[in-house]
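Worksheet: one structure, shown below.
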Amino acid sequence: MIDLRLLREDPDRVRASQRARGEDVALVDSLLSADERRRSSGVRFDELRAEQKGLGKLIGKASGDEKAELLKRASQLAADVKAADTERDAADAATQELLQRLGNLVHPDVPVGGEEDFVTLETHGTHRDFAAEGFEPRDHLELGQLLGAIDVERGAKVSGSRFYFLTGVGALLELALVNAAIAQATAAGFTPMLTPALVRPQSMAGTGFLGQAAQDVYHLDKDDLYLVGTSEVPLAAYHMDEILDADRLPLRYAGFSPCFRREAGSHGKDTKGIFRVHQFDKVEMFSYVLPEDSQAEHQRLLEWEKQWLTSLELPFRVIDVASADLGSSAARKYDCEAWIPTQGKYRELTSTSDCTEFQSRRLSIRVREDKKVRPLATLNGTLCAVPRTIVAILENHQQADGSVRVPEVLRPYLGGREVLEPVVK
């Protein structure tokens, strides 16, 4: 959530942010009104409580008719204090409810617009010319079937659409990717973490995933637990309700977890293969830093993502995501999109977001510095979303006979294997 003081001091900035997100601008004025009611009801309660305490002292010294009048006033005052307390709590609850609906403030340099209004910042690598090489590229599903690596038919039989099995070298390729990604993150100073896949509502809401993204979240009603769509959620909630000493920052974690997404808004999109699925594994970077260091940390996370994709020898581009496509928690987001030959376009493989103080305020995570306590900043960055990375590797490193060259960085994790060969049937 944002700072209410900032809302009061510069409401036009908050309105502009909501407008850039394509969200309800009227929410800002509703929140201002609720906050005014919260503050005035708080003042009213304090005044009545002060009068009540003062009256108690007078009653002890009074007698006769004066005492009777004071007791009558005390009885009325007790009712007024109770009513003021109820009004204060209701106003505070209304303010908090509206505040939870407000997105993070969009960074002023973010391009304004929707999904297609991003700005391309960099392009890396070269697209292969398959025609010049003399063959038509196969898509990742055909390659996966040739390699005995991907089985979507049995995935659908067992679990339904958008589920899959990774088999044989497919399973080995995932393990290689995860181990290589964790190795890179550990070398960069991240603490490896295996995180829970089920979290409580306050963890999910505190990270910002029960607003815009609620339709894509799986909820277990009987247990009131949520399946995470990313280990960002448990990593953000890891220090919930804690005060961290400034000399411990930055704290950097690399979480590995299964991820679950309904993909409710993607009917008809990427239905073939394993690009858009309901369950997948992912390695996620997460940072806790001082607010003034968040932009520099954002650039570091982006550089680690670029290092990873470069090590996989994939052609990719970096985009500055437009305002209406940020998600509620992010003030700014960069995506790295790999070239997918058979689609003839770039597709998102990694993403990194600067969430500034938005999540830490919701999760009550603060930093102590020079005897002062304040919210800190949180950031996240995908290092390896496994299925999409497998898609990009198979399609970009395929060879004419259906085999796939293994990027050098993964070979130590595949027993030195340089090529994935088709399965002879």
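The values are calculated or read from the model by the stated rules, or taken from the named source; none is laboratory data. These figures come from a predicted structure and were not determined experimentally. Here the Cβ positions follow ideal geometry from the backbone for every residue, glycine too, while neighbour counts run over all protein chains shown.
Among residues that are at pLDDT below 80 and either surrounded by 15 or more Cβ atoms within 10 Å (Cβ to Cβ) or not assigned by TED's automatic domain parsing to the domain that holds ALA331 (or both), GLU66 is included. The residues of the stretch 152-186 that are farther than 16 Å from GLY416 by Cα, not aliphatic (A, V, I, L, M) and not in a loop (DSSP other than H, G, I, E, B), listed by number, are GLU153, ARG154, GLY155, LYS157, SER159, PHE165, GLN184, THR186.
Contact map, the stretch 382-400: first residue within 16 Å of ARG162 (Cα to Cα), second residue acidic (Asp, Glu) and part of a helix (DSSP H, G or I), Cβ cut-off under 9 Å, separation 6 or more or different chains; pairs are VAL386/GLU174; PRO387/GLU174; ILE390/GLU174.
Could you grab me the full set of residues in the stretch 9-25 that are farther than 18 Å from ASP35 by Cβ and surrounded by fewer than 16 Cβ atoms within 10 Å (Cβ to Cβ)? GLY22 - this is the single residue of the stretch 9-25 that is farther than 18 Å from ASP35 by Cβ and surrounded by fewer than 16 Cβ atoms within 10 Å (Cβ to Cβ). Exactly one residue out of GLU174, GLU136, GLU116, GLU122 is loosely packed, with under 12 Cβ neighbours inside 10 Å, at negative phi and modelled with pLDDT of 95 or more, and it is GLU136. Hey, any hits in the stretch 348-358 for a residue that's assigned to a helix (DSSP H, G or I) and within 24 Å of MET240 (Cβ to Cβ)? Taking every residue of the stretch 348-358 in turn, at least one turns out to be assigned to a helix (DSSP H, G or I) and within 24 Å of MET240 (Cβ to Cβ).
Considering the stretch 112-151, the residues that are aliphatic (A, V, I, L, M) and assigned to a loop (DSSP other than H, G, I, E, B) include one that is farthest from GLY273 (Cα to Cα), namely VAL112. Look at (1) under 19 Å from the mean Cα position of the chain (by Cα); (2) touching a residue at least 40 places away in the same chain (Cβ under 8 Å); (3) closer than 26 Å to THR120 by Cα and you find that GLY255 fails only one, number (3).
Taking the criterion of being in contact (Cβ under 8 Å) with a residue 24 or more places away in the chain and basic (Lys, Arg), the only residue of the stretch 182-241 that qualifies is ARG200. Just one of the listed residues (GLU337, GLU313, GLU303) is over 15 Å from the mean Cα position of the chain (by Cα) and without any contact (Cβ under 8 Å) to a residue 12 or more places away in the chain, and it is GLU303.
A quick yes/no check of all residues on (1) more than 19 Å from ALA385 (Cα to Cα); (2) among the basic types (Lys, Arg); (3) in contact with a strand residue (DSSP E or B) (Cβ under 7 Å, 6 or more places away or on another chain):
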| position | (1), (2), (3) |
| --- | --- |
| VAL152 | no, no, no |
| ALA156 | yes, no, no |
| GLY160 | yes, no, no |
| TYR164 | no, no, yes |
| THR167 | no, no, yes |
| LEU172 | no, no, no |
| VAL178 | no, no, yes |
| PRO192 | no, no, yes |
